[in-house]
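Participant: Take a look at the following structure, please.
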Amino acid sequence: MAQDEFPDPESVASRLALAQFVDRLHANLQAAPSDWENPTLEQFLEALAAYLRDVPGYLKNARSPLDPERPSWELFALVLAGARVYE
């Protein structure tokens, strides 16, 4: 994957993989800020909190096996990715 492409949160299964995921999120933001609904830290954190509250519904609708009440590296990556575009 090119550095500016958006990473897949489902590929995150460890602490180091999450660190790489965050690096790739950062690269994506720098390369394509117009693809981000929430490109500032203030907007991103506000969206992150809202998405964390709404992620159970998303997971249910997506028929995801992830449990929103059971922390995992993949779930953490998913909410970071979701906050990028959450309105």
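The values are calculated or read from the model by the stated rules, or taken from the named source; none is laboratory data. From a predicted model like this one, the values you see are computed outputs, not experimental measurements. As a convention, Cβ positions derive from the backbone with ideal geometry for all residues, glycine included, and neighbour counts pool all protein chains shown. Please note that ligands, DNA and RNA were not included when accessible areas were found on the heavy atoms of the full protein model with its side chains. Shrake-Rupley method; radii C 1.70, N 1.55, O 1.52, S 1.80 Å.
Participant: Report yes if some residue within segment 55-67 is of a type outside the set (A, V, I, L, M), within 11 Å of Leu80 (Cβ to Cβ) and touching an Asp or Glu at 6+ places or on another chain (Cβ under 9 Å); otherwise report no. Give the steps one after another, and end with the answer.
Facilitator: Taking segment 55-67 as the starting set, the residues that turn out to be of a type outside the set (A, V, I, L, M) are 56-58, 60-61, 63-65, 67.
Then keep just the ones that are within 11 Å of Leu80 (Cβ to Cβ); that gives none.
There is no residue in segment 55-67 that is of a type outside the set (A, V, I, L, M), within 11 Å of Leu80 (Cβ to Cβ) and touching an Asp or Glu at 6+ places or on another chain (Cβ under 9 Å).
Participant: Report the residue count in segment 13-54 for those that are of a type in the set (Val, Ile, Thr) and within 11 Å of the chain's Cα centre (by Cα). Full working, then the answer.
Facilitator: Taking segment 13-54 and keeping what is of a type in the set (Val, Ile, Thr), we get 22, 40.
The next check asks that each one be within 11 Å of the chain's Cα centre (by Cα); those that pass are 22.
So the count comes out to 1.
Participant: Here is a follow-up. Being outside any loop (DSSP other than H, G, I, E, B), of a type in the set (Val, Ile, Thr), within 20 Å of Phe6 (Cα to Cα) and touching a Phe, Trp or Tyr at 6+ places or on another chain (Cβ under 9 Å) narrows it down to one residue among Val55, Val22, Val79; which is it?
Facilitator: On the way: Val55 fails: touching a Phe, Trp or Tyr at 6+ places or on another chain (Cβ under 9 Å); Val22 fails: touching a Phe, Trp or Tyr at 6+ places or on another chain (Cβ under 9 Å).
So the residue among Val55, Val22, Val79 that is outside any loop (DSSP other than H, G, I, E, B), of a type in the set (Val, Ile, Thr), within 20 Å of Phe6 (Cα to Cα) and touching a Phe, Trp or Tyr at 6+ places or on another chain (Cβ under 9 Å) is Val79.
Participant: Applying the selection to segment 58-76, what residues are hydroxyl-bearing (Ser, Thr, Tyr) and not in a helix (DSSP H, G or I)?
Facilitator: Here is the first cut: in segment 58-76, the ones hydroxyl-bearing (Ser, Thr, Tyr) are 58, 64, 72.
Across segment 58-76, the qualifying residues are Ser64, Ser72.
Participant: Go through segment 25-52 and count every residue that is part of a loop (DSSP other than H, G, I, E, B), closer than 15 Å to Ala83 by Cβ and open to solvent by less than 70 Å² (accessible area, probe 1.4 Å). Spell out the reasoning first.
Facilitator: Just the residues of segment 25-52 that are part of a loop (DSSP other than H, G, I, E, B), to begin with: 32, 36-40.
So of that shortlist, the ones also closer than 15 Å to Ala83 by Cβ come out as 36-40.
Keeping just the survivors that are open to solvent by less than 70 Å² (accessible area, probe 1.4 Å) gives 36, 38-40.
Count: 4.
Participant: Against the condition modelled with pLDDT under 95 and either more than 20 Å from Phe76 (Cβ to Cβ) or among the charged types (D, E, K, R) (or both), how does Glu37 come out, does it pass? Steps first, please.
Facilitator: Working: modelled with pLDDT under 95: no; either more than 20 Å from Phe76 (Cβ to Cβ) or among the charged types (D, E, K, R) (or both): yes.
When the stated conditions are applied, Glu37 does not pass them.
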